[in-house]
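The values are calculated or read from the model by the stated rules, or taken from the named source; none is laboratory data. In this text, all values refer to a predicted model and were calculated from it rather than measured experimentally. Backbone-built Cβ (ideal geometry, glycine too); neighbour counts: all protein chains shown. In case anyone asks, the SASA skips ligands and DNA or RNA and just uses the protein heavy atoms, side chains included. Shrake-Rupley method; radii C 1.70, N 1.55, O 1.52, S 1.80 Å.
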Amino acid sequence: MATTLNRSFLTEIRNRLNNQGITSDDFHIIQEQKARRINLNIKYLYDDYYYNATIEGEGSRISSQYSPGEVVLTQNKHNMNSDDLLDSIEGWVNALRKEIKNTILGRQAEETEEKLAELENLVREKFKEDKETFFTRKEANELKEKLSQLEKLYNEAINKNETNKNQSREEYTKLHNEVELLKEQVEYLSKKKWATALMIKIMNWTSRNPAAARQIGQEAVKALLPKEIEESLPPSLLPPSDEQ
C-alpha cells in the first residue's frame, strides 16, 4: 500500500521547481494518501496555477493535470513513471514562467485596446458631420514634412537611449517603414481614417520606446493631427510627458 513520497524524491521535486527566478518556496506542496495511491498537489502561491499528480504502483503509474500547460491552459498527462513526472514538473514551471511574463504583456495589450476604443469614439464624434474629408495637396505635403521631422526626432532620441546598436538599427528601420506608410496613406485616406492610423502608430512607438517618446514631447505629435482631433485629444492617448 502506498504511504508517502520519500524525502529524496520530494527533494528532487523541489529542485525541479527552482527555475528562472521561481523557487520551491513559491509553492505549497501537499501529499494525500488515498487507498493505494498518493495524490500530490503543488499550488503556486500567488495565482491559480497548479500541478496535481496521482501516483500509483509505487511510482510506476503516474498521471497528472496541471495549469498552465505548454499549449493549452489545462493539460493532462498519463502513463508516466517517476522520471517522467520530474521532467513534467520542470516543463510546467517553464510554462508557468512564460505565462507570468505574458500576463504582463496581455495587460499591456488590454490597455492598448482600451486606448484604441477611446480614440475611435473620439474620431467618430469629431467627424460625424463629415465622414470623408480629405487632405488638400498642400496639407498632405505639410504632413509629410512634419512626419520626416518627427522621424528625425525619434531617431535622435532612440540613439540617446538605446545602448544596443543592433536594436537601434532595427528600430530605425521599423520606424522608417511605418513613417513611409503614413506618408502614402495621407494621399488617399480621409482625415478621420488617417488620424486613427497615425495615433495607432504613435501608441506603438510610445510602447516600444517610452523614453524616446517622452523626450520628443506631446506638442510635436499634436502638430501632426487634424485640428478637430488635436483640440480635444486626452493626454492618455499621447506620449508621456515629463510631468506624467
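Values as computed for the structure displayed
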{"quantity": "Long-range neighbours under 7 Å by Cβ, at least six apart or interchain, first residue in contact (Cβ under 8 Å) with a residue 12 or more places away in the chain and closer than 16 Å to Glu142 by Cβ within the stretch 182-202, second among the charged types (D, E, K, R) and in a helix (DSSP H, G or I)", "calculated": "Leu182/Lys201; Lys183/Lys144; Val186/Lys144"}
{"quantity": "Residues located in the stretch 1-50, provided they are β-branched (Val, Ile, Thr) and open to solvent by 80 Å² or more (accessible area, probe 1.4 Å)", "calculated": "Thr3, Thr4"}
{"quantity": "All positions within the stretch 133-149 that are open to solvent by less than 100 Å² (accessible area, probe 1.4 Å) and either at pLDDT below 85 or basic (Lys, Arg) (or both)", "calculated": "Thr133, Lys144, Lys146"}
{"quantity": "All positions within the stretch 51-61 that are surrounded by 18 or more Cβ atoms within 10 Å (Cβ to Cβ) and closer than 16 Å to Leu17 by Cα", "calculated": "Tyr51, Ala53"}
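Here's the yes/no breakdown for (1) of a type outside the set (S, T, N, Q); (2) in a loop (DSSP other than H, G, I, E, B); (3) modelled with pLDDT of 75 or more:
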| residue | (1), (2), (3) |
| --- | --- |
| Arg169 | yes, no, yes |
| Lys174 | yes, no, yes |
| Asn177 | no, no, yes |
| Ile200 | yes, no, yes |
| Met203 | yes, no, yes |
| Gln215 | no, no, no |
| Ser236 | no, no, no |
